[in-house]
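Asker: Just passing along the structure, written as structure tokens.
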Amino acid sequence: MALPKPQPLYTVAEYLALERESEERHEYLDGVIYAMAGESGEHADVSVNITTILTNQLKGKDCRARSKDTKVRSGPIPKLKYSTKGLYSYPDVVVICGEPQYLDGYRDVVNNPAVIIEVLSPATEKFDRGEKFDRYDTWNPTLSDYLLVSQDQARIEHFIRQDDGTWTRILYRGLRSKVVIKSIRCTLKLKDVYDRIDLKPDLQIVK
């Protein structure tokens, strides 16, 4: 039986050079480049709904919301040419407070996320809950809130970093619920997050 062919390892510098020339988005984890799969209509609508809600509420404040084309670095600053350590990801929504801190002069990799929101999909949910969250926790000290949003039922998990570095988890279910993100003084009403989404009847808690 033939052994699986090992994937080539790319340095951070090689990944960034390739990504800056690519028309498609790829995430990077410790030397391996992963092509990002296309999104469903529900995933796209929920992401845009959240971005719109936050953008409107953040007007005049010191924070800004950006959509899924902003890369976030979760790893050491690559000081060595051959460094392969780190995660470079494209959150569905990221909020940055204060002036954005960039990795380099290209100004396309952010180092200081305050809030990260991921809309879950079957292909990425395990990674979003596990390794990705671990990297965000370890390497992004500016991150105060992490939200995992279902795309087909009225359900949002809100993880809040405490002063001692631990995380508190709050689960919101049903269209009457609302998520208060105190760190940026914003509120996500689930009825607005799921506007135009055909929720699964057996999972929908309450209208």
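Asker: Cβ-Cβ under 7 Å, sequence separation 6+ or interchain: first residue in segment 125-147 and within 14 Å of V94 (Cβ to Cβ), partner among the hydroxyl-bearing types (S, T, Y) and assigned to a helix (DSSP H, G or I). Which pairs?
Answerer: Matching pairs, first to second residue: L143/Y136; S144/S183; D145/S183; Y146/Y136.
Asker: Would you check which residues across segment 19-43 are under 27 Å from D192 (Cα atoms) and either acidic (D, E) or in a strand (DSSP E or B) (or both) and list them?
Answerer: E39, E42
Asker: State the number of residues belonging to segment 130-168 that are under 15 Å from the mean Cα position of the chain (by Cα) and under 15 Å from V180 (Cα atoms).
Answerer: Here the count works out to 11.
Asker: Okay, moving on. Determine, yes or no, whether G98 is surrounded by 16 or more Cβ atoms within 10 Å (Cβ to Cβ), more than 11 Å from the chain's Cα centre (by Cα), among the small types (G, A, S) and modelled with pLDDT of 95 or more. If you could, list the steps in order and put the result at the bottom.
Answerer: Working: surrounded by 16 or more Cβ atoms within 10 Å (Cβ to Cβ): no; more than 11 Å from the chain's Cα centre (by Cα): yes; among the small types (G, A, S): yes; modelled with pLDDT of 95 or more: yes.
No; evaluated as a whole, the condition is false for this residue.
Asker: Can you tell me which residue within segment 44-73, out of those that are under 29 Å from L18 (Cβ atoms) and part of a loop (DSSP other than H, G, I, E, B), is modelled with the lowest pLDDT?
Answerer: Ranking the candidates gives K68 first.
Asker: Could you tell me how many of the residues in segment 10-24 are surrounded by fewer than 14 Cβ atoms within 10 Å (Cβ to Cβ) and touching a residue at least 24 places away in the same chain (Cβ under 8 Å)?
Answerer: Matching residues across segment 10-24 total 1.
Asker: Would you be able to say whether some residue in segment 132-143 is closer than 26 Å to G86 by Cβ, touching a strand residue (DSSP E or B) at 6+ places or on another chain (Cβ under 6 Å) and among the acidic types (D, E)?
Answerer: no
Asker: A further question follows. Sort out which residues of segment 60-84 are of a type in the set (S, T, N, Q) and over 23 Å from T11 (Cβ atoms), and write them in order of number.
Answerer: The one that is of a type in the set (S, T, N, Q) and over 23 Å from T11 (Cβ atoms): S67.
Asker: Being among the hydroxyl-bearing types (S, T, Y) and at pLDDT 95 or above is the filter here, so list the residues in segment 74-83 that pass it.
Answerer: The answer is S74, and nothing else.
Asker: Could you tell me whether segment 74-84 includes any residue that is outside any loop (DSSP other than H, G, I, E, B), on the phi < 0 side of the Ramachandran plot and hydroxyl-bearing (S, T, Y)?
Answerer: Yes; the residues of segment 74-84 include at least one that is outside any loop (DSSP other than H, G, I, E, B), on the phi < 0 side of the Ramachandran plot and hydroxyl-bearing (S, T, Y).
Asker: Also: Pull up segment 37-87, narrow it to residues that are aliphatic (A, V, I, L, M) and surrounded by fewer than 16 Cβ atoms within 10 Å (Cβ to Cβ), then point me to the one that is nearest to L120 (Cα to Cα).
Answerer: Filtering first and then ranking leaves A44.
Asker: Here's another thing I want to ask about it. Quick check on N112: is it in contact (Cβ under 8 Å) with a residue 12 or more places away in the chain and over 27 Å from A37 (Cβ atoms)?
Answerer: yes
Asker: Filter segment 69-89 for residues that are charged (D, E, K, R) and free of Cβ contacts under 8 Å to residues at least 40 places away in the same chain and give the result.
Answerer: Of everything in segment 69-89, just one residue is charged (D, E, K, R) and free of Cβ contacts under 8 Å to residues at least 40 places away in the same chain, namely K79.
The values are calculated or read from the model by the stated rules, or taken from the named source; none is laboratory data. This is a predicted model, so every value here is computed, not measured. Every residue, glycine as well, gets a Cβ built from its backbone with ideal geometry; the counts of neighbours run over all protein chains shown.
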